[in-house]
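Have a look at the structure below, then the notes.
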Amino acid sequence: MLVAINPTTDRVVAGPEWGHETDCAERGYQCLFCGEQLTYTPAAGDTFDYFSHVSAPTCLPDAGSSKHHRAGQELISQYICNTLPLSPQAIAIAVEKHVGPPSGYRIADVLITHPIRLVIEVVYKTSAVHLRDRLQTAFRDGYRGLVAVLDTADVSAARIEHHLSAVGSIKVARLDPVQRSVTIGSVIRPATVTLAPDAWESVPAYIA
Ligand SMILES: [Zn+2]
C-alpha cells in the first residue's frame, strides 16, 4: 500500500513522506480503507508499496489492477481525507465498492459514504469507463461524482476534459503517481452535467 493513517497526527501519509522509521505498527498506523494495523515494508525500487497489513491480506485490489491505477486510488483518497475536516478514522471510504442495485450495480474505484457521498472514477486505461452510466447509478443513490485522471494514463486529462465539456462544466482531478501530486477537480452533481443520451453522442466511446 502507498498510504496509511498516522493516528498521532490524524493525517493520511504516503510512504515516502513518512521517512525511515520501522516501528509504525507500534505507533498504530492503520489502513485507511479497512482499519487494519499496518507495518512499514517498503519494497526495494517500488514506488507504490510501503505499507502492508499486519495480519490480514491486503484489502486493495491486487490481481487484474495495475499498480498505477491502485496508486491513483490511494492518492486521491489521501488527498480527500486530508481535506475533509474530520479525523481519517471517522471517514467511511472504500475501494472497488458496489454502487446501485444488485441487478445493475457499478463498481466505484473509490467510494466515500461518510461524511460526504462521493463516487470517484480513476482513469488509467480508457477502454471502458462508461462514465454516463456510472454517474446515473451514482446520482440515483444520492452520490456525487469525481473523475481523476492519472498523468500516466493512455489519454490526457485535458483531452478528457475537452470531450466532457459537451455534457457539462467538468474539471477532472489530475494525479501524478510518481511525484504523488494531486490537482483536485470539480464535484459532478446532477445540476452540473446532463445525462441525456443525445448530449453524450460526441463523447468518445472510451469515456462515455
Ligand atoms: Zn486495509
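With respect to the stated conditions, SER87 fails to be of a type outside the set (A, V, I, L, M), out of contact with any Pro (no Cβ under 9 Å at 6 or more places or on another chain) and assigned by TED's automatic domain parsing to the domain that holds VAL172. The sole residue among LEU111, LEU135, LEU118, LEU164 that is touching a Lys or Arg at 6+ places or on another chain (Cβ under 6 Å) and over 26 Å from THR47 (Cβ atoms) is LEU118. What is the residue count in region 41-87 for residues that are of a type in the set (A, V, I, L, M, F, W, C), in contact with a Phe, Trp or Tyr (Cβ under 9 Å, 6 or more places away or on another chain) and within 15 Å of CYS31 (Cβ to Cβ)? Qualifying residue count for the region: 3. Set side by side, the residues CYS31, CYS59, CYS24 differ, and just one is out of contact with any Leu (no Cβ under 9 Å at 6 or more places or on another chain), within 16 Å of the ligand (Cβ to nearest atom) and either under 27 Å from LYS125 (Cβ atoms) or at pLDDT below 90 (or both), which is CYS59.
Going by what's in this entry, would VAL110 be described as in the same structural domain as ARG174 (by TED's automatic domain parsing) and touching a Phe, Trp or Tyr at 6+ places or on another chain (Cβ under 7 Å)?
no
Checking each residue in region 34-56 for being among the small types (Gly, Ala, Ser) and within 15 Å of the ligand (Cβ to nearest atom) picks out GLY35, SER52, SER55, ALA56.
Scan region 153-195 for residues that are within 16 Å of HIS69 (Cα to Cα) and in a loop (DSSP other than H, G, I, E, B) and the total you get is 9.
Residue by residue through region 67-94, note down the ones that are of a type in the set (A, V, I, L, M) and within 21 Å of PRO7 (Cα to Cα). Can you show your working first?
Quick first cut of region 67-94, residues of a type in the set (A, V, I, L, M) only: 71, 75-76, 80, 84, 86, 90-94.
Residues satisfying the conditions are LEU75, ILE76, ILE80, LEU84, LEU86, ALA90, ILE91, ALA92, ILE93, ALA94.
The values are calculated or read from the model by the stated rules, or taken from the named source; none is laboratory data. Because the structure is a prediction, the values reported are computed rather than measured. Here the Cβ is made from the backbone with ideal geometry for all residues, glycine too, and neighbour counts use every protein chain on show.
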